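The values are calculated or read from the model by the stated rules, or taken from the named source; none is laboratory data. The structure displayed is predicted, hence computed values, not measured ones. FYI the Cβ positions are ideal-geometry reconstructions off the backbone, even for glycines, and counts take in every protein chain you see.
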Amino acid sequence: MTYRPLHDGWTLSSQGVAPDVKGVPATVPGCVHTDLLAAGLIDDPYLDDNEHRLAWIGRTEWTYRTTFTWSPDEHECTDLVCEGLDTVATLTLNGIRIGSTANQHRSYRFPVRHLLRDGDNELTAHFGSAYAYAEERRAALGERPGAYDEPYPFIRKMACNFGWDWGPTLVTAGIWRPIGLESWSRARLAEVRPLAHADGTVDVHVRVERSTEEPLTLSAEIAGITVEERLDGRATVLSLKVPDPEPWWPRGYGDQPRYDLTVRLGDDEWHTKIGFRSVELEPEAFTLKVNGVPVFVRGVNWIPDDCFPARVTRERLAERFGQATAAGVNLLRVWGGGLYESDDFYDLADELGLLTRTPSAPPAATG
């Protein structure tokens, strides 16, 4: 299996009501606002009343374009893997439409090997106006309750882009998470979802994509313990048991030991760190217990750290979490009007002993 990022050589152009923007150098991952800011075409959206002056950006159609070279390899399949598109996008490769999206909160994968050429290839991502899409859905479905007179309930996009009591109205568009080509043969890990229990049991839910019906060998390893399975289908659960695991504790109640978990399918590998703990809520006393011990929760509400999330690095998250822990925080409540936060977010939280609460379960880890 091979992976090639496609982050270089992008340009940005506008269509519609915006001032002419043609061939502006673009940063991927990123967004329209940060590209226009870097090009000196707009003022800082955070200053003065610039959010109102820049409202046209969210009502404009935008096109990202790049050219890359490709040569045939030994693999059977090649996919265009888009980890984050914001939001109403149509992708074309060498002039052929390969797919459309309308959800900022998920990843997308498109088979493209049949469209790739030996030599130069052109990839475009055309982004329609999030306002136009949401307002069209509102007209079709009828009004819905909302805190503000903005159409955020009608689009799967970061709601606070449309403004909130704590932040500006900056309706973004762009390739906001990594994008690249992944080539593979026979099979790949499509989804891995480990469920860890306090007694050391780990149930690893695995789904695979395959181009062959031949049996596959799937394995999982943790703490020196390995389980292997002959896989004839496309989904299974691998169960392992770590004897006498050290429990993971919230900050201030103990240590945060974690164990390396590796899942292998041929040359495709998936890695993460997991901890073992139990969590229960006593409704009568509204008491949270971790590993049977009542925890005094000192929580804060986590909103997106930037209206332009591609600017949020692991280092920046570590700085914010340092501020939180210095204030005695032991729980981060991920606010529902923002994003499904990144792997770095949850990894750092686990490392520091910060409990997290998410409005709904974060997306399963995918390959």
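Some observations on this one:
- The residues on offer are 78, 60, 66, 11, and the sole one that is in the same structural domain as residue 95 (by TED's automatic domain parsing), buried (at least 19 other Cβ atoms within 10 Å of the Cβ) and in contact with a Lys or Arg (Cβ under 7 Å, 6 or more places away or on another chain) is 78.
- Top-ranked residue in the range 15-53 [being surrounded by 21 or more Cβ atoms within 10 Å (Cβ to Cβ) and among the small types (Gly, Ala, Ser); ranked as nearest to the chain's Cα centre (by Cα)]: 30
- The range 234-285, subset over 24 Å from residue 296 (Cα atoms) and modelled with pLDDT under 95, residue surrounded by the most Cβ atoms within 10 Å (Cβ to Cβ): 266
- Selection within the range 290-333: residues that are charged (D, E, K, R) and part of a helix (DSSP H, G or I). The member of this set that is nearest to residue 166 (Cα to Cα) is 320.
- Checklist (1) in contact with a strand residue (DSSP E or B) (Cβ under 8 Å, 6 or more places away or on another chain); (2) outside the structural domain of residue 55 (by TED's automatic domain parsing); (3) free of Cβ contacts under 8 Å to residues at least 24 places away in the same chain; (4) not in a strand (DSSP E or B) applied to residue 213, failing item: (1)
- Any hit, the range 51-59, residues being basic (Lys, Arg) and more than 24 Å from residue 164 (Cβ to Cβ): no
- Of the strands (runs of 3 or more DSSP E) lying entirely inside the range 37-153, those containing at least 2 residues that are in contact with a helix residue (DSSP H, G or I) (Cβ under 8 Å, 6 or more places away or on another chain) and closer than 27 Å to residue 343 by Cα span 77-82.
Residue-wise test of (1) on the phi < 0 side of the Ramachandran plot; (2) surrounded by 17 or more Cβ atoms within 10 Å (Cβ to Cβ).
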{"position": "94", "(1), (2)": "no, no"}
{"position": "111", "(1), (2)": "yes, no"}
{"position": "119", "(1), (2)": "no, no"}
{"position": "140", "(1), (2)": "yes, no"}
{"position": "144", "(1), (2)": "yes, no"}
{"position": "150", "(1), (2)": "yes, yes"}
{"position": "170", "(1), (2)": "yes, yes"}
{"position": "179", "(1), (2)": "yes, yes"}
{"position": "188", "(1), (2)": "yes, yes"}
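- Single residue of the range 190-236 satisfying the filter (among the hydrophobic types (A, V, I, L, M, F, W, C) and touching a Gly at 6+ places or on another chain (Cβ under 8 Å)) that is farthest from residue 76 (Cα to Cα): 196
- Residue count, the range 299-336 (criterion: under 27 Å from residue 26 (Cα atoms), touching a strand residue (DSSP E or B) at 6+ places or on another chain (Cβ under 7 Å) and either aromatic (Phe, Trp, Tyr) or surrounded by fewer than 18 Cβ atoms within 10 Å (Cβ to Cβ) (or both)): 0
- Those strands (runs of 3 or more DSSP E) of the range 222-274 in which 1 or more residues are under 11 Å from residue 192 (Cβ atoms) and in the same structural domain as residue 193 (by TED's automatic domain parsing) occupy 235-241, 259-265, 268-274.
- Pairs with Cβ under 6 Å, 6+ apart, first in the range 236-255 and in contact (Cβ under 8 Å) with a residue 60 or more places away in the chain, second of a type in the set (Lys, Arg) and outside any strand (DSSP E or B): 248/277
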